[in-house]
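This report refers to the structure that appears directly beneath it.
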Amino acid sequence: MNWRPSAGPGAWRARAQLLEVIRGFFKARSVLEVHTPLLAFGTVTDPHIHSIAVPDTVTGTDHGLYLQTSPEFAMKRLLAAGSGPIYQICPAFRDRERGSHHNTEFTLLEWYQPGFSLEDLMDEMDDLLAECLNCEAGKRLSYRQVFYDLIELDPHNAGRPALLRRATALGLVGGGELDDNGILDFLFTHAVQPQLGTGISYIFDYPASQAALSRILKGQPPVARRVEVFSDGLELANGYEELLDAIELRARFEQDLALRAAMGMQQPRVDESLLEALEHGLPECAGFALGIDRLLMRVLGVDTIQQVLSFPDTSMPNQE
Amino acid sequence: MASYSTNEFKNGLKLLIDGDPCSIIDNELVKPGKGQAFNRVRLRNLKTSRVIERTYKSGDSVEGADVMEINLQYLYNDGEQWHFMHEESFEQYPADEGVVGDAKNWLKEQDVCVITLWNGHPISVTPPNFVALEITQTDPGVRGDTASGATKPATVETGAVIKVPLFVDEGEKVKIDTRTGEYVSRVKD
């Protein structure tokens, strides 16, 4: 086994420099740096995110606590407690995510701005990325528009058969077993994302069925006030105008759990403390979660996440 | 044949895709932050040599292909089939012209080749990297012209035609790189 780090001194220095720039950015805007624990009692219900559970040796239960997949739930509790604008740079953990752009443990920058709309949030991301990457403001396209422009399909109205046909023609095997969102995910990652071009792209107003914890705007069709940021086709960040309604959020959690049950997946413990915080009242706010390692890849101009991590999954024994 | 889950995918794994045996040459996790995980795979079709791309839902299983490579000795060909034999078991394997492919230009009796078997049948033949073959026909070159770099065509004992330097004569043996079909050097017996 090779003891040496995967990323070299250039990457270490670039990371330190990047963190300094980020801290300076938020200090100048009076956004407070906070710290919340990595271990939590509840976790995400999203069927596509696999939390790592830590056994609780004190009570003897298997799933005592979970390593966070992001600091979102904890930070929203701070917001409900009156924190005002906050940010955090911390590790996040997602099981079954390993590849040239994925590592089980990675670093997130997550921040929340009370009173911001999705557009305000994108403006602030433009400013942040200008400082980190020395780049121009990103181009902004709705999810629907970018599908139209790049693959001539309407994600909301094309209908499942047409979407499935295109996905199969592009090499997807077993698409029939996916739900509509899964087919859209394939089309987005395989056909749309690679054509986003150089520079920063904001894709906003996601399908309502992919809202996660963002608020849904009624309309024809309803859309989720959610935005994703891409740099030269690499996914960097995910942001929301945050959902404030506890009842709606609980309903979404329950829908997730039902989906998990239907797929024979584990039932994670719902984060009741988050729901209570929302019941108490979250201020109107918008927030972003950005992958620091991915950003560092763009700063250094490298293609794999392993080149910016000191000891990635791939450096451990029994890995490829 | 066993199935392999996408978790087990790695380069060199042999899978059955649309009825053909294929070998993985690249396997990548493609997953949006909040969405379905996929394995995007590039494979070489071992029958056609073409590279294909497929995407599987992460966690899905794909049927493996019974593919193995063995060393076989070339015996002879009857114009329609090329016959190979396992040196220890003496088991014989016939391969038709399409399977032998380019290798037919370089095969000499008793040469040992790498044969790819699928379900026990040859689907490709790889000759040794270098072979020594006798020139059976070529025009005489200019005596002593070792400098010009010019070449002339020459037929070798298998019937293949290659380019050789002008100083090479009929009856001489030459070393050929089978991967490029190019003359490497003369061979002294």
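The values are calculated or read from the model by the stated rules, or taken from the named source; none is laboratory data. Please read these numbers as outputs of a predicted model, since none were measured by experiment. Cβ: placed from backbone, ideal geometry, glycine included. Neighbour counts: every protein chain shown. Protein only, heavy atoms only, side chains kept; ligands, DNA and RNA dropped before computing areas. Shrake-Rupley method; radii C 1.70, N 1.55, O 1.52, S 1.80 Å.
With the charge dipole of region A:226-320 set up from +1 on Lys and Arg Cβ and -1 on Asp and Glu Cβ about the Cα centre, the Cα lying farthest toward the positive end among the listed residues A:T304, A:L282, A:A237 is that of A:T304.
3J(HN,Hα) along region A:164-179: 5, 4, 5, 5, 5, 4, 8, x, 6, 9, x, x, x, 8, 8, 6 Hz, from the Karplus curve 6.51 cos²θ - 1.76 cosθ + 1.60 with θ = phi - 60°, whole Hz, x for Gly and Pro.
So, in Å, what gap is there between the alpha-carbon centers of region A:28-60 and region A:240-255? When both Cα centres are located, 18 Å separates them. Protein heavy-atom accessible surface, 1.4 Å probe, per residue over region A:22-126: 42 Å².
Here region A:206-267 exposes an accessible surface that is 56 percent carbon and sulfur, computed with a 1.4 Å probe and the other protein chains kept in place. The calculated Kirkwood hydrodynamic radius for region B:12-57 is 11.1 Å, given to one decimal from all distinct C-alpha pairs.
My understanding is that a pair violates if its Cα-Cα distance is over 30 Å; which of A:K218/B:K57; A:K76/B:K34; B:K10/B:K104; B:K47/B:K173; B:K108/B:K163; B:K104/B:K152 do that in this structure? Flagged as over cut-off: A:K218/B:K57; B:K10/B:K104; B:K47/B:K173. Per-residue shielding of A:88-99, expressed as the average number of other chain Cβ atoms within 10 Å of the residue Cβ, stands at 2.
When the Cα positions of A:A162, A:S214, A:Y148 are compared along the charge dipole of the protein assembly as shown, A:S214 comes out farthest toward the positive end, with charges on each C-beta of Lys, Arg, Asp and Glu.
Put simply, the amide H of B:S58, placed in the peptide plane, has neighbours under 5 Å in B:A37, B:F38, B:N39, leaving out anything fewer than 5 places away on its chain.
For A:L65, the residues whose modelled amide H falls within less than 5 Å of its own, excluding neighbours fewer than 5 places apart on the same chain, are A:V54, A:D56. Run a plain Debye calculation on region A:81-139 (Cα atoms as equal point scatterers, no solvent) and give log10 I(q)/I(0) at q = 0.17, 0.19, 0.27 Å⁻¹, rounded to two decimals, same order as the q list. Log-scaled intensity ratios, in q order: -0.81, -0.92, -1.04. Peptide A:171-183 has a mean shielding of 4, counted as Cβ atoms of other protein chains within 10 Å of each residue's Cβ. For chain A, the relative contact order is 25 percent, taking Cα pairs closer than 8 Å that sit 6 or more residues apart in sequence and dividing their mean separation by the residue count.
Phi angles across region B:18-33 convert, under the Karplus curve 6.51 cos²θ - 1.76 cosθ + 1.60 with θ = phi - 60°, into 3J(HN,Hα) values of 6, x, 10, x, 9, 10, 5, 10, 7, 9, 10, 7, 10, 8, x, x Hz, Gly and Pro given as x.
For region B:173-183, backbone phi angles converted through the Karplus equation (6.51, -1.76, 1.60; θ = phi - 60°) give residue-by-residue couplings of 9, 10, 8, 10, 8, 5, 6, 10, x, 9, 5 Hz, Gly and Pro being listed as x.
Charges were assigned to the Cβ only: +1 to each Lys and Arg, -1 to each Asp and Glu. The resulting dipole of chain A about its Cα centre is roughly 400 debye. Kirkwood radius for chain A, taken over all pairs of different Cα atoms as the inverse mean of 1/r, rounds to 20.7 Å. In region B:4-51, the residues that give up 40 Å² or more of accessible area when the other protein chains are added, compared with the chain on its own (1.4 Å probe), are B:E28, B:L29, B:K31, B:P32, B:G33, B:K34, B:Q36, B:F38, B:R40. Dipole magnitude for region B:32-75: computed about the Cα centre from +1 point charges on Lys and Arg Cβ and -1 point charges on Asp and Glu Cβ, it is near 340 debye. Site pair B:I70 and B:V187 shows an inter-label distance of 2.6 nm when each label is modelled 7 Å from Cα along Cα→Cβ. Think of each Lys and Arg Cβ as +1 and each Asp and Glu Cβ as -1; about the Cα centre, that makes the dipole of region B:70-162 roughly 400 debye.
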